[in-house]
Amino acid sequence: MYPISSNNFINNPYTSNSYNQSHYWQGGYNQPAYGYFVEPDTQNSAGKTVAMAGLLQVIALGLNKASQWFSNKLAAGKEFTTASNVHRVADEMVRKNNLDVHVGYINDANKYAYAQRFNISAQQIEEVARGQNAFFTDKLKLAVAPEHKPSLILHELGHAINAKNAFTKVLQNTRRYAPFAPTALLLANGLFSNKNDGKKSFIERNAGVLGFAAFLPTIVEEGLASFRGIKAAKKVLNNPAGLKILKKNYLLALSTYILGGIGLGVASKQAVLEDSIRT
Ligand SMILES: [Zn+2]
(Lines give C-alpha, C1' and ligand atoms only; values in the text may rest on other atoms or scores of the structure.)
Protein backbone atom coordinates (compact mmCIF):
# COMPACT_ATOMS: atom_id res chain seq x y z
CA MET A 1 0.00 0.00 0.00
CA TYR A 2 1.07 3.49 -0.52
CA PRO A 3 1.52 5.67 1.36
CA ILE A 4 1.26 4.18 4.79
CA SER A 5 -1.56 5.86 6.60
CA SER A 6 -0.37 8.10 9.37
CA ASN A 7 -3.18 6.56 11.37
CA ASN A 8 -1.81 3.14 10.77
CA PHE A 9 -0.86 2.39 14.32
CA ILE A 10 -3.39 4.61 15.98
CA ASN A 11 -5.79 1.71 16.17
CA ASN A 12 -3.16 -0.17 18.04
CA PRO A 13 -3.80 0.59 21.71
CA TYR A 14 -0.10 0.96 22.39
CA THR A 15 0.59 3.59 19.83
CA SER A 16 -2.51 5.53 20.42
CA ASN A 17 -1.66 9.04 21.36
CA SER A 18 -5.14 9.68 22.52
CA TYR A 19 -5.22 10.76 26.07
CA ASN A 20 -7.06 7.75 27.35
CA GLN A 21 -3.64 6.22 27.58
CA SER A 22 -2.57 8.56 30.27
CA HIS A 23 -4.88 6.98 32.82
CA TYR A 24 -1.86 5.89 34.75
CA TRP A 25 -0.77 9.45 35.32
CA GLN A 26 -3.36 9.69 38.06
CA GLY A 27 -2.85 6.12 39.13
CA GLY A 28 -0.45 6.70 41.97
CA TYR A 29 1.59 3.74 40.83
CA ASN A 30 4.71 5.50 41.96
CA GLN A 31 3.41 5.84 45.47
CA PRO A 32 4.95 3.32 47.75
CA ALA A 33 2.50 0.74 49.00
CA TYR A 34 1.81 0.93 52.70
CA GLY A 35 4.64 -0.41 54.77
CA TYR A 36 6.90 -0.76 51.79
CA PHE A 37 10.28 0.75 52.26
CA VAL A 38 11.24 2.81 49.27
CA GLU A 39 14.86 3.59 48.81
CA PRO A 40 15.60 7.02 47.35
CA ASP A 41 17.11 5.31 44.33
CA THR A 42 13.84 3.48 43.54
CA GLN A 43 11.89 6.72 43.85
CA ASN A 44 14.21 8.30 41.40
CA SER A 45 13.86 5.51 38.84
CA ALA A 46 10.04 5.68 39.11
CA GLY A 47 10.32 9.38 38.31
CA LYS A 48 12.49 8.60 35.36
CA THR A 49 9.96 6.07 34.09
CA VAL A 50 7.20 8.68 34.21
CA ALA A 51 9.37 11.18 32.37
CA MET A 52 10.16 8.53 29.77
CA ALA A 53 6.47 7.73 29.28
CA GLY A 54 5.74 11.41 28.74
CA LEU A 55 8.61 11.76 26.32
CA LEU A 56 7.44 8.76 24.30
CA GLN A 57 3.98 10.25 24.10
CA VAL A 58 5.43 13.47 22.68
CA ILE A 59 7.56 11.52 20.19
CA ALA A 60 4.53 9.49 19.03
CA LEU A 61 2.64 12.72 18.39
CA GLY A 62 5.57 14.21 16.52
CA LEU A 63 5.89 11.11 14.34
CA ASN A 64 2.24 11.33 13.39
CA LYS A 65 2.64 14.96 12.44
CA ALA A 66 5.76 14.25 10.39
CA SER A 67 4.08 11.33 8.63
CA GLN A 68 1.13 13.55 7.76
CA TRP A 69 3.54 16.13 6.36
CA PHE A 70 5.17 13.57 4.07
CA SER A 71 1.76 12.26 2.97
CA ASN A 72 0.60 15.77 2.09
CA LYS A 73 3.80 16.45 0.17
CA LEU A 74 3.29 13.23 -1.71
CA ALA A 75 -0.35 14.01 -2.48
CA ALA A 76 0.80 17.31 -3.98
CA GLY A 77 3.58 15.60 -5.97
CA LYS A 78 3.63 15.90 -9.75
CA GLU A 79 3.43 13.03 -12.23
CA PHE A 80 6.87 12.37 -13.68
CA THR A 81 5.69 11.75 -17.24
CA THR A 82 2.52 11.39 -19.34
CA ALA A 83 -0.08 8.75 -18.54
CA SER A 84 0.57 6.89 -21.78
CA ASN A 85 4.29 6.70 -20.97
CA VAL A 86 3.49 5.26 -17.55
CA HIS A 87 1.19 2.69 -19.19
CA ARG A 88 4.03 1.69 -21.50
CA VAL A 89 6.42 1.16 -18.59
CA ALA A 90 3.75 -0.79 -16.67
CA ASP A 91 3.02 -3.03 -19.67
CA GLU A 92 6.71 -3.69 -20.06
CA MET A 93 7.03 -4.64 -16.36
CA VAL A 94 4.14 -7.09 -16.73
CA ARG A 95 5.52 -8.59 -19.94
CA LYS A 96 9.15 -8.89 -18.89
CA ASN A 97 8.41 -10.41 -15.52
CA ASN A 98 5.56 -12.63 -16.71
CA LEU A 99 3.26 -11.08 -14.16
CA ASP A 100 -0.14 -12.69 -13.88
CA VAL A 101 -1.67 -9.44 -12.63
CA HIS A 102 -4.59 -7.34 -13.76
CA VAL A 103 -3.53 -3.67 -13.93
CA GLY A 104 -6.28 -1.13 -13.28
CA TYR A 105 -6.29 2.66 -13.52
CA ILE A 106 -9.21 3.68 -11.35
CA ASN A 107 -11.54 6.60 -12.03
CA ASP A 108 -15.06 7.55 -10.99
CA ALA A 109 -16.52 5.79 -14.02
CA ASN A 110 -14.93 2.38 -13.47
CA LYS A 111 -14.52 2.23 -9.67
CA TYR A 112 -17.76 0.37 -8.92
CA ALA A 113 -17.18 -2.17 -11.67
CA TYR A 114 -13.76 -2.90 -10.09
CA ALA A 115 -15.17 -3.10 -6.60
CA GLN A 116 -17.75 -5.60 -7.77
CA ARG A 117 -15.51 -7.69 -9.98
CA PHE A 118 -12.74 -8.07 -7.39
CA ASN A 119 -14.92 -7.91 -4.31
CA ILE A 120 -13.15 -4.84 -2.87
CA SER A 121 -14.87 -2.53 -0.42
CA ALA A 122 -16.38 0.66 -1.82
CA GLN A 123 -14.25 2.72 0.57
CA GLN A 124 -11.03 1.07 -0.53
CA ILE A 125 -11.64 1.67 -4.21
CA GLU A 126 -12.92 5.18 -3.53
CA GLU A 127 -9.57 6.08 -1.95
CA VAL A 128 -7.82 4.94 -5.10
CA ALA A 129 -10.20 6.86 -7.37
CA ARG A 130 -9.54 9.99 -5.30
CA GLY A 131 -5.78 9.58 -5.60
CA GLN A 132 -5.18 8.77 -1.94
CA ASN A 133 -4.05 5.21 -2.38
CA ALA A 134 -2.84 2.53 -4.75
CA PHE A 135 -2.41 -1.14 -3.99
CA PHE A 136 -1.35 -4.57 -5.13
CA THR A 137 -2.91 -7.74 -3.83
CA ASP A 138 -1.32 -11.07 -4.62
CA LYS A 139 -4.47 -12.91 -3.61
CA LEU A 140 -6.61 -11.10 -6.18
CA LYS A 141 -3.76 -10.76 -8.68
CA LEU A 142 -4.65 -7.10 -8.96
CA ALA A 143 -2.64 -3.87 -9.03
CA VAL A 144 -4.50 -0.55 -9.08
CA ALA A 145 -3.55 3.12 -9.15
CA PRO A 146 -5.58 6.32 -9.56
CA GLU A 147 -6.13 7.16 -13.22
CA HIS A 148 -4.92 10.72 -12.62
CA LYS A 149 -1.83 9.46 -10.72
CA PRO A 150 -0.83 6.47 -12.79
CA SER A 151 2.86 6.57 -11.78
CA LEU A 152 1.95 4.87 -8.51
CA ILE A 153 1.30 1.68 -10.48
CA LEU A 154 5.02 1.17 -11.11
CA HIS A 155 5.64 0.81 -7.38
CA GLU A 156 2.69 -1.59 -7.07
CA LEU A 157 4.02 -3.71 -9.93
CA GLY A 158 7.33 -3.71 -8.03
CA HIS A 159 5.39 -5.42 -5.22
CA ALA A 160 3.97 -7.87 -7.78
CA ILE A 161 7.53 -8.78 -8.86
CA ASN A 162 8.55 -9.13 -5.20
CA ALA A 163 5.62 -11.52 -4.68
CA LYS A 164 7.09 -13.89 -7.27
CA ASN A 165 10.41 -14.23 -5.47
CA ALA A 166 10.50 -16.58 -2.46
CA PHE A 167 12.71 -14.31 -0.33
CA THR A 168 10.97 -11.01 -1.02
CA LYS A 169 7.62 -12.77 -0.62
CA VAL A 170 8.62 -13.61 2.96
CA LEU A 171 9.49 -9.94 3.54
CA GLN A 172 6.07 -9.04 2.15
CA ASN A 173 4.27 -11.44 4.46
CA THR A 174 5.89 -10.12 7.66
CA ARG A 175 3.81 -6.97 7.21
CA ARG A 176 0.76 -8.74 8.57
CA TYR A 177 2.46 -9.61 11.84
CA ALA A 178 4.50 -6.47 12.47
CA PRO A 179 1.66 -4.51 14.15
CA PHE A 180 1.49 -7.18 16.85
CA ALA A 181 5.06 -6.46 17.93
CA PRO A 182 4.13 -4.44 21.07
CA THR A 183 1.76 -7.15 22.28
CA ALA A 184 4.20 -9.93 21.41
CA LEU A 185 7.04 -8.18 23.26
CA LEU A 186 4.79 -7.67 26.25
CA LEU A 187 3.88 -11.35 26.35
CA ALA A 188 7.48 -12.43 25.86
CA ASN A 189 8.62 -10.10 28.61
CA GLY A 190 6.03 -11.57 30.98
CA LEU A 191 7.19 -15.09 30.18
CA PHE A 192 10.93 -14.62 30.26
CA SER A 193 11.72 -11.84 32.66
CA ASN A 194 12.34 -12.21 36.33
CA LYS A 195 10.39 -9.34 37.84
CA ASN A 196 11.83 -9.88 41.29
CA ASP A 197 15.48 -9.35 40.59
CA GLY A 198 14.99 -5.60 40.13
CA LYS A 199 16.95 -5.51 36.89
CA LYS A 200 15.53 -4.59 33.54
CA SER A 201 15.07 -7.50 31.18
CA PHE A 202 16.58 -7.64 27.70
CA ILE A 203 13.15 -6.90 26.21
CA GLU A 204 12.59 -3.95 28.55
CA ARG A 205 15.91 -2.47 27.57
CA ASN A 206 15.54 -3.05 23.82
CA ALA A 207 11.78 -2.83 23.17
CA GLY A 208 12.17 0.18 20.88
CA VAL A 209 14.77 -1.41 18.64
CA LEU A 210 12.89 -4.73 18.62
CA GLY A 211 9.65 -2.98 17.61
CA PHE A 212 11.43 -1.15 14.80
CA ALA A 213 13.09 -4.42 13.71
CA ALA A 214 9.66 -6.01 13.30
CA PHE A 215 8.85 -3.37 10.70
CA LEU A 216 12.24 -3.38 8.96
CA PRO A 217 11.37 -6.17 6.46
CA THR A 218 8.36 -4.09 5.36
CA ILE A 219 10.53 -1.00 4.86
CA VAL A 220 13.05 -3.00 2.83
CA GLU A 221 10.32 -4.56 0.68
CA GLU A 222 8.72 -1.14 0.09
CA GLY A 223 12.06 0.32 -0.96
CA LEU A 224 12.67 -2.60 -3.29
CA ALA A 225 9.23 -2.21 -4.92
CA SER A 226 10.03 1.44 -5.67
CA PHE A 227 13.48 0.53 -6.92
CA ARG A 228 11.96 -1.92 -9.41
CA GLY A 229 9.52 0.71 -10.64
CA ILE A 230 12.26 3.31 -11.09
CA LYS A 231 14.48 0.79 -12.86
CA ALA A 232 11.73 -0.08 -15.35
CA ALA A 233 10.94 3.60 -16.00
CA LYS A 234 14.62 4.28 -16.62
CA LYS A 235 14.82 1.47 -19.15
CA VAL A 236 11.70 2.28 -21.14
CA LEU A 237 11.80 6.09 -21.07
CA ASN A 238 14.73 8.34 -21.68
CA ASN A 239 13.69 11.09 -19.32
CA PRO A 240 16.21 11.90 -16.57
CA ALA A 241 14.39 15.03 -15.38
CA GLY A 242 11.16 13.09 -15.00
CA LEU A 243 12.95 10.27 -13.25
CA LYS A 244 14.11 12.71 -10.61
CA ILE A 245 10.49 13.54 -9.82
CA LEU A 246 9.58 9.87 -9.63
CA LYS A 247 12.47 9.18 -7.25
CA LYS A 248 11.45 12.10 -5.07
CA ASN A 249 7.83 10.92 -4.89
CA TYR A 250 8.86 7.38 -4.02
CA LEU A 251 11.27 8.65 -1.39
CA LEU A 252 8.45 10.58 0.26
CA ALA A 253 6.38 7.39 0.31
CA LEU A 254 9.26 5.42 1.82
CA SER A 255 9.70 8.10 4.48
CA THR A 256 6.18 7.41 5.73
CA TYR A 257 7.17 3.75 6.14
CA ILE A 258 10.36 4.61 7.99
CA LEU A 259 8.35 6.82 10.33
CA GLY A 260 5.87 3.95 10.68
CA GLY A 261 8.73 1.70 11.79
CA ILE A 262 9.94 4.25 14.33
CA GLY A 263 6.33 4.58 15.46
CA LEU A 264 6.14 0.85 16.04
CA GLY A 265 9.38 1.05 18.03
CA VAL A 266 7.95 3.82 20.19
CA ALA A 267 4.71 1.87 20.63
CA SER A 268 6.65 -1.19 21.73
CA LYS A 269 8.62 0.84 24.22
CA GLN A 270 5.42 2.39 25.53
CA ALA A 271 3.77 -1.00 25.92
CA VAL A 272 6.64 -2.48 27.92
CA LEU A 273 7.02 0.68 29.98
CA GLU A 274 3.33 0.81 30.88
CA ASP A 275 3.51 -2.81 31.86
CA SER A 276 6.45 -2.14 34.17
CA ILE A 277 4.53 0.75 35.71
CA ARG A 278 1.49 -1.42 36.41
CA THR A 279 3.39 -4.26 37.98
ZN1 LIG B 1 4.10 -0.25 -1.35
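The values are calculated or read from the model by the stated rules, or taken from the named source; none is laboratory data. Predicted, not measured: the structure shown is a model, and the values here were computed from it. Every residue, glycine among them, receives a Cβ derived from its backbone with ideal geometry; neighbour counts consider all protein chains shown. Ligands, DNA and RNA are excluded from the accessible area calculation, which covers all protein heavy atoms including side chains. Shrake-Rupley method; radii C 1.70, N 1.55, O 1.52, S 1.80 Å.
A few comments on the model shown:
- Length released on extending from ARG130 to PHE192, taking residue separation times 0.36 nm less the Cα-Cα span: 17.5 nm
- Pairs from LYS169/LYS269; LYS139/LYS269; LYS78/LYS244; LYS111/LYS248 whose Cα-Cα separation, in the structure shown, is over 22 Å: LYS169/LYS269; LYS139/LYS269; LYS111/LYS248
- Here segment 236-279 is treated as an ellipsoid with the same Cα gyration tensor; its semi-axes, largest first and in whole Å, are 42, 6, 4.
- Burial order of peptide ranges 50-62, 143-155 (average beta-carbon count within 10 Å, highest first): 143-155, 50-62
- Mean projected area (nm²) of the alpha-carbon convex hull when segment 128-215 is viewed from all directions: 7.8 nm²
- Extension gain, LYS139 to ARG205: 0.36 nm times the residue separation minus the Cα-Cα distance gives 19.9 nm.
- Projecting label points 7 angstrom from Cα along Cα→Cβ for GLN68 and HIS87 puts them 3.8 nm apart.
- For segment 178-193, the Karplus equation 6.51 cos²θ - 1.76 cosθ + 1.60, evaluated at θ = phi - 60°, returns couplings of 3, x, 7, 3, x, 5, 5, 5, 4, 5, 4, 5, x, 7, 9, 9 Hz by residue, with Gly and Pro reported as x.
- Peptides ranked, highest mean first, by Cβ atoms within 10 Å: ranges 165-175, 210-220: 210-220, 165-175
- Length gained when the stretch ARG278-TYR112 is fully extended (0.36 nm per residue, less Cα-Cα span): 54.8 nm
- Bins of 10 Å, starting at 0 and running to the largest distance - Cα pair percent for segment 41-181: 10, 29, 31, 14, 8, 6, 1
- The string of couplings for segment 46-59 from the Karplus curve (6.51, -1.76, 1.60, θ = phi - 60°) is 5, x, 5, 4, 5, 4, 5, 4, x, 4, 4, 4, 5, 4 Hz, one whole number per residue in order, with x for Gly and Pro.
- Placing pseudo-labels 7 Å out from each Cα toward the beta carbon at LYS234 and LEU61 gives an inter-label distance of 4.2 nm.
- In Å², nearest 10: area of LYS164 left accessible to a 1.4 Å probe: 120 Å²
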